[in-house]
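Working notes, beginning with the structure itself.
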Amino acid sequence: MKLFISADIEGISDICDWKETTKGEEDYNDFKLQLTREVNSACTGALNAGVNHIVIKDAHDSARNIMHRDLPQETTLITGWAYHPYLMMEGLDNTFDASIFIGYHSAAGTNGSPLAHTMDPIKISYIKINGEIASEFKINYYTSLYTGVPLVLVTGDKNLCDEVKRTNNKIKTIVTKEGIGGSAVNLHPKTIEDTILNLTETIFNSNNLTEYLETLPKEFNIEIQYSNHTDAYKASFYPGVTIKDGLTIKYKSKDYFDVLKMFLFLT
């Protein structure tokens with residue numbers, strides 16, 4: 001069996017400040033290590049259950065955060081950005097049996113995390129898909145469905161996990177923290193690591209991964225609100241984009257890959 005893991009950092013245990021997520025900052029190395037540990041827990045649980053190859057996309061910022069030497073030898077790590085439209089899901093295809101998201105976080109425009117954002121936290125005020133605020137989870141979940149790969153587990157803040165359950169209540173979730181304004185109430189990191197390992201092993205021992213699959217929406221109505229009106233004006237020249245107001249654009253497509261290409265150039 002093959003597993004694909006997309007790993008972000010803002011949703012891992014104990015993080016509540018941008019300096020903890022930023023390469024070069026004093027606190028960063030501690031959380032780089034914790035991200036690696038939580039990814040390692042998912043890998044170990046999957047390998048215990050018979051998965052024989054794991055591809056991990058480092059999907060945070062520079063995409064150079066995870067310490068590969070500290071992961072099992074059965075893993076392949078994708079670092080940096082090729083700028084394929086899959087972005088945080090780069091490397092995924094229909095040969096994988098399942099995907100897992102580690103360290104994900106609440107969407108821009110919500111109050112579920114001190115670090116709530118979607119894509120570029122400075123540039124983007126919010127993204128909506130079919131009228132609903134969309135997190136990076138939702139964008140990447142649809143990418144997983146687009147390739148026919150079931151998403152089986154998401155870890156992150158409580159608000160994000162609630163969104164996952166509203167989207168598809170068969171997907172397993174692990175709450176790492178609860179965001180309250182600018183603070184986070186965190187579960188113990190070792191508890192999170194143990195829970196990820198055990199639940200991942202249980203999922204892959206079930207041998208019924210296709211039950212997690214859903215059908216993609218037939219049409220995608222996208223709305224992006226920018227922080228700066230000049231970004232909205234520039235984006236309005238992308239094929240198929242219309243202006244809603246000074247800060248907001250709209251885009252519609254029945255092909256999700258077209259949506260992903262639009263995100264690549266406009267976010």
_Options VAL185, VAL175, VAL152, VAL164; residue that is at pLDDT 95 or above, within 30 Å of PHE265 (Cβ to Cβ) and among the aliphatic types (A, V, I, L, M)_ = VAL164
*Does LYS218 satisfy being surrounded by fewer than 16 Cβ atoms within 10 Å (Cβ to Cβ) and touching a residue at least 24 places away in the same chain (Cβ under 8 Å)?*
yes
_I'd like to check something: does region 178-196 contain any residue that is in contact (Cβ under 8 Å) with a residue 24 or more places away in the chain and over 28 Å from LYS32 (Cα atoms)?_
no
*asked:* Return the residues of region 204-261 that are in contact with a helix residue (DSSP H, G or I) (Cβ under 7 Å, 6 or more places away or on another chain), within 15 Å of ILE129 (Cβ to Cβ) and part of a strand (DSSP E or B); say none if nothing qualifies.
replied: PHE220, ILE222, ILE224, THR248, ILE249, TYR251, SER253
*Would you pick out the residues in region 11-38 that are out of contact with any helix residue (DSSP H, G or I) (no Cβ under 9 Å at 6 or more places or on another chain) and closer than 22 Å to TYR86 by Cβ?*
LEU35
*Which one of these does ASP58 not meet: (1) among the acidic types (Asp, Glu); (2) under 22 Å from ASP194 (Cβ atoms); (3) surrounded by 23 or more Cβ atoms within 10 Å (Cβ to Cβ)?*
(2)
*Only one residue in LEU199, LEU187, LEU145, LEU153 is surrounded by 14 or more Cβ atoms within 10 Å (Cβ to Cβ) and out of contact with any Lys or Arg (no Cβ under 8 Å at 6 or more places or on another chain). Which one?*
LEU145
*Might you check whether a residue that is closer than 29 Å to GLY148 by Cβ and outside any loop (DSSP other than H, G, I, E, B) occurs anywhere in region 6-24?*
yes
*Filter region 44-69 down to the residues that are in a helix (DSSP H, G or I) and in contact (Cβ under 8 Å) with a residue 60 or more places away in the chain, then identify the one that is farthest from the chain's Cα centre (by Cα).*
ASN48
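The values are calculated or read from the model by the stated rules, or taken from the named source; none is laboratory data. Because the structure is predicted, anything quoted here is derived from the model rather than measured. Note: ideal-geometry Cβ built from the backbone for every residue, glycine included; neighbour counts use all protein chains shown.
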